[in-house]
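Every number in this text was worked out from the coordinates using simple rules, so none of it is lab data. These numbers were taken from a predicted model, which means no experiment stands behind them. Ideal geometry is used to build each Cβ from the backbone, glycine not excepted, and the neighbour counts take in all protein chains shown.
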Amino acid sequence: MPFDARIVECYNTTVEGYAAEASKLLSLFARAGVSLLAFKAISLRPHGLQFTLIPNDGSMMTAGADAAGVKLDGPHPALLIQGSDESGALSEIYDILSRANIRASEASGIADIQGSYGVILYLGQGDCEKAVAALKGH
């Protein structure tokens, strides 16, 4: 099953409030020209959101955050894998990583986007490089 794997940078930030604050944060990065490959928002109690943002260009993300006074935690390494949506594709990826002794601490994915899928695997820096080598060697 063909797929592309590359190391990406993840940044975390927290906002108070929900939709209105999320809109402000995402608009800020859009105005700064930041293109997001992926993002995740997790509700925090009592009222807030923790965002994980994965930009196409980390330097644009940090410049936009600095200009707006937004504190970012990162960059943290992750692995972005994209491929054609075939039954068992994710199982094969996890099998390759397992044989290489690589463990994902977290994953997020989406499938059936015009016949494709994407998954973000959160790994340590050394494991990201090792995972790319294992997946490309397959």
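What the phi angles of region 66-72 give under the Karplus curve with 6.51, -1.76 and 1.60, with θ = phi - 60°, is a coupling list of 4, 4, 9, x, 8, 7, 10 Hz, glycine and proline written as x.
Across all Cα pairs in the chain, the calculated P(r) in 10 Å bins from zero up to the longest distance comes to 12, 38, 32, 17, 2 percent per bin. For the chain, the longest principal axis of the alpha carbon atoms and the long axis of helix 19-31 meet at an angle near 80°. The calculated pair-distance distribution of region 77-136 uses every alpha carbon pair, bins of 5 angstrom beginning at 0, and gives 4, 19, 32, 25, 14, 5, 1 percent.
Inter-label distance, residue 40 to residue 82: 1.9 nm, where each label sits 7 Å from its Cα along the C-beta direction. Placing +1 on each Lys and Arg Cβ and -1 on each Asp and Glu Cβ, with no other charges, gives region 18-89 a dipole about its Cα centre of roughly 320 debye. Computed extension length for residue 68-residue 16: 17.1 nm, one decimal, from 0.36 nm per residue of separation with the Cα-Cα distance subtracted.
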